[in-house]
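What follows is a set of notes on a single structure, which appears directly below.
The values are calculated or read from the model by the stated rules, or taken from the named source; none is laboratory data. Not measured: the values here are computed from a predicted model. With ideal geometry, Cβ positions are generated from the backbone for all residues, glycine too; neighbour counts draw on all protein chains shown. Heavy atoms of the whole protein, side chains included, go into the accessibility calculation; ligands, DNA and RNA do not. Shrake-Rupley method; radii C 1.70, N 1.55, O 1.52, S 1.80 Å.
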Amino acid sequence: MRVFSEFEDQASNGTGERLCRDPEPIHRNLSSVKATLVLASAKGGTGKSLLAVNIAGALAHAGKKVGIMDADLNAPSILQMLGTKPPLRFLSSEGIEPATAPLGIRVTSAELLTEALRPAMSFLDEEPAPAPVAIAPVQLSHSSALRRMLSQTRFGPLDLLIIDLAPGIEELYRMMRLFTPTGVVLVTHASGSAAAAIRHLLDMNKDIAAPIVGTIENMVAFGCDNCRSVRPLFPQGETSRIAREADIPVVARLPFDPRFAESSDRGRIFVSEFPDTPIAKQLTEMARQIDAILTARIRKTASAATEAPTPLAFRQS
């Protein structure tokens, strides 16, 4: 059993607060990762994890080395969506070994983290299974758990690490206290409550300054195969309008397709299983656009660093 507390470790003496604000272990561990993308949503039910899996799949098909960090601590789902089980041996003195999913996608999850906190175990097929041992709940703060996955998972060289946050405005705030990703994409749908939540998140972002590079409006309509028509599922345009007012590009507006969710229930990547469907082609183009946006941001940051004025050197007399 895992218990993720809302309080920082050792909050009484401030140690947890200092550790939480120290990004160096995370930056050092992610030094071989070219770009990091956070997928965030202000509320649940937007299909964010499904999109994380299929963005990763589309880019992997294009030859990119991709990883996913399932940061939904209490309801991790990425391993199941990819039809992947945790590796039998995933611990070493050097950190946590991620699972390897189809297309070579590297995955870390709270499912690995909680196992890492158990007493050491050996896996010997020829020996009888040991008697079950009662294990007390492990208590970690949310931030400590996220920090451990970011700083100790051995991702190796990646073109992109996708971080799939749990739904909720506070999750983006918590992640931004740990480190600054290359970009953040907000996933939403067009309901009135989702629009209000996105507006609230953007108001909060004035304080935390997350690098939001785009929005995805999911489940905007349902395509009827028999009647050959597309019917809206929600009132049109409200969340897109809010994004445009905030000068945030709308990367994609995706229709609803029942096969999208069904494929994940079977542990299959939709863009791999149905590559010729219109939504798969739209997902692939969306992934390409996100990759281009992140690449442009990296180049811009590198150019700004190169052009920064060099402090004058004063000669000592």
Checklist entry - If you scan segment 269-280, which residues turn out to be at pLDDT below 95 and in contact with a Pro (Cβ under 9 Å, 6 or more places away or on another chain)? => result P278, I279
Item to check | Selection count where residues are closer than 24 Å to T295 by Cα, touching a strand residue (DSSP E or B) at 6+ places or on another chain (Cβ under 7 Å) and among the charged types (D, E, K, R), scope segment 164-214 | outcome: 1
Item to check | The listed residue being at negative phi and modelled with pLDDT under 80, out of F234, F260 | outcome: F234
Item to check | Close pairs (9 angstrom Cβ cut-off, 6 or more residues apart or separate chains): of a type in the set (S, T, Y) in segment 73-85, open to solvent by 30 Å² or more (accessible area, probe 1.4 Å) and modelled with pLDDT of 90 or more anywhere | outcome: T84/T100; T84/P102
Checklist entry - Is it true that some residue in segment 100-108 is touching a Phe, Trp or Tyr at 6+ places or on another chain (Cβ under 8 Å) and either open to solvent by 10 Å² or more (accessible area, probe 1.4 Å) or assigned to a strand (DSSP E or B) (or both)? => result yes
Checklist outcome for this item: Subset of segment 157-212, residues open to solvent by 30 Å² or more (accessible area, probe 1.4 Å) and on the phi > 0 side of the Ramachandran plot, comes to A209
